[in-house]
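The values are calculated or read from the model by the stated rules, or taken from the named source; none is laboratory data. What you see is a predicted model; the values in this text were computed from it and never measured. Glycine gets a Cβ as well: all are built from the backbone with ideal geometry, and neighbour counts include every protein chain shown. To get the accessible areas, we keep the full protein, side chains included, count just its heavy atoms, and leave off ligands, DNA and RNA. Shrake-Rupley method; radii C 1.70, N 1.55, O 1.52, S 1.80 Å.
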Amino acid sequence: MQPAQILQPRPQGIYCPKADLYIDPTRPVERALITHGHSDHARAGHGRVLATAETLAIMGARYGAEFAGSAQALRYGERLDINGVTFSLHSAGHVLGSAQAAAECGGTRVVASGDYKRQPDPTCAPFEVVPCDVFITEATFALPVFTHPSAEHEVRKLLASVAMFPERAHIVGAYALGKAQRVMATLRACGWDKPIYVHGALMALTDLYQKLGVELGEIRHVTDAKKSAYEGAIVLCPPGALQTPWVRRFPDPVTSVASGWMRIRARARQQGAELPLVISDHADWGDLRRTIKDTGAGEIWITHGEADALAHWCEGQGLKAKALHLVGYGDEGEPAGAEPGAAA
């Protein structure tokens, strides 16, 4: 069977005509398969939603219990036949519950990666290589300049700064879903056993992570306590909060941002990051190429990001490749201004 008979790009997202199902649709549809809970992939208003139980829980936390007409959970590796197409989900290593979507029919397998990374992450299952005929990949950091150090390396830079400036508070901007919890868990792995303070916009999803079994240690909500209470503290907040009066409540704050874009100095300056931390939940240039090779796919479709650059590299490897240029998918999961409760 030709791959395009199984999955094909449409303005609403990647579409399976035999199953009448969209993967990560950008507008409401009757049947959707959702790869993970970031707002540019998981939207409310679909008729039926298929996803991991964790992703469904995240969507419920963000959009309310009525985020879809109905929802069905699928475990990693579990197979579900819809009108002759067999779907299965496989860990993407991106955030808690994130999945690649595999669709098989007539001996042909197409895998849509969603967003993914290969680096270890204590808050979610590791990436699984899924052999396939066509691999549909993201390309957020598909340029040679993007090489991500380990999260532990970057967090130890943060801890070194805390040790050097014990009278100052360290404020880390991190996206509410996934990045913030990964930074928390990595801090614990690196030996930080004091409370971690968080902006109110991070509390709901952090609580959900803990409820779903991710150990993050003692987490405290930032209050209107005296500045001296935060001397030597590590505080996490949405990136957008760094440039608001909210940070004035902390003593001589060291501002930081955890993002793959911190590899670019201009981006770090733009976000006011005194201490940039290159921590990304997306594959870097090396891991994008490694993953494509590992899948064994002979044909590569590229959804968003630096699609043309990755397609050019694929063609140089003798692979068929095409950039889909899908509209509606972001870079680091969600825009900084999208955090709920940002004024808290």
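Here's the yes/no breakdown for (1) surrounded by 17 or more Cβ atoms within 10 Å (Cβ to Cβ); (2) within 27 Å of ASP40 (Cα to Cα); (3) aliphatic (A, V, I, L, M):
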{"site": "PRO149", "(1), (2), (3)": "no, yes, no"}
{"site": "LYS157", "(1), (2), (3)": "no, no, no"}
{"site": "PRO166", "(1), (2), (3)": "no, no, no"}
{"site": "ARG182", "(1), (2), (3)": "yes, yes, no"}
{"site": "THR186", "(1), (2), (3)": "yes, yes, no"}
{"site": "TRP192", "(1), (2), (3)": "yes, no, no"}
{"site": "GLU218", "(1), (2), (3)": "no, no, no"}
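For the residues GLY45, GLY84, GLY60, GLY37, the requirement of being under 16 Å from GLY114 (Cα atoms) and either at pLDDT below 95 or not hydroxyl-bearing (Ser, Thr, Tyr) (or both) singles out GLY37. Determine whether VAL85 is closer than 14 Å to CYS105 by Cα, open to solvent by less than 20 Å² (accessible area, probe 1.4 Å) and among the β-branched types (Val, Ile, Thr). Taking the combined requirement at face value, the residue satisfies it. The set of residues in segment 148-170 being within 21 Å of the chain's Cα centre (by Cα) and in contact (Cβ under 8 Å) with a residue 24 or more places away in the chain consists of HIS148, PRO149, SER150, ALA151, GLU152, GLU154, VAL155. Any residue that is of a type in the set (A, V, I, L, M), outside any strand (DSSP E or B) and without any contact (Cβ under 8 Å) to a residue 60 or more places away in the chain - is there at least one of those in segment 3-14? Checked segment 3-14: at least one residue is of a type in the set (A, V, I, L, M), outside any strand (DSSP E or B) and without any contact (Cβ under 8 Å) to a residue 60 or more places away in the chain.
Could you check, for segment 206-219, whether at least one of its residues is outside any helix (DSSP H, G or I) and either among the aromatic types (Phe, Trp, Tyr) or modelled with pLDDT under 95 (or both)? Looking for residues that are outside any helix (DSSP H, G or I) and either among the aromatic types (Phe, Trp, Tyr) or modelled with pLDDT under 95 (or both), one finds none in segment 206-219, hence no.
Within segment 226-243, the set of residues being assigned to a loop (DSSP other than H, G, I, E, B) and free of Cβ contacts under 8 Å to residues at least 12 places away in the same chain comprises just one member, LYS226.
Would it be correct to say that GLU299 is over 19 Å from PRO126 (Cα atoms), in contact with a Lys or Arg (Cβ under 9 Å, 6 or more places away or on another chain) and acidic (Asp, Glu)? Spelling it out, GLU299 is indeed over 19 Å from PRO126 (Cα atoms), in contact with a Lys or Arg (Cβ under 9 Å, 6 or more places away or on another chain) and acidic (Asp, Glu). Give ARG248, ARG290 a once-over and let me know the one that is open to solvent by 70 Å² or more (accessible area, probe 1.4 Å) and under 22 Å from the mean Cα position of the chain (by Cα). Going through ARG248, ARG290 in turn, just one is open to solvent by 70 Å² or more (accessible area, probe 1.4 Å) and under 22 Å from the mean Cα position of the chain (by Cα): ARG290. Exactly one residue among ALA142, ALA71, ALA101 is part of a strand (DSSP E or B), open to solvent by less than 10 Å² (accessible area, probe 1.4 Å) and at pLDDT 95 or above, and that residue is ALA101.
Taken together, the residues in segment 99-142 that are of a type outside the set (Asp, Glu), more than 17 Å from THR295 (Cβ to Cβ) and out of contact with any Leu (no Cβ under 8 Å at 6 or more places or on another chain) amount to 7.
Looking only at residues of segment 16-27 that are at pLDDT 95 or above and within 22 Å of the chain's Cα centre (by Cα), we find that the one that is farthest from HIS90 (Cα to Cα) is PRO25.
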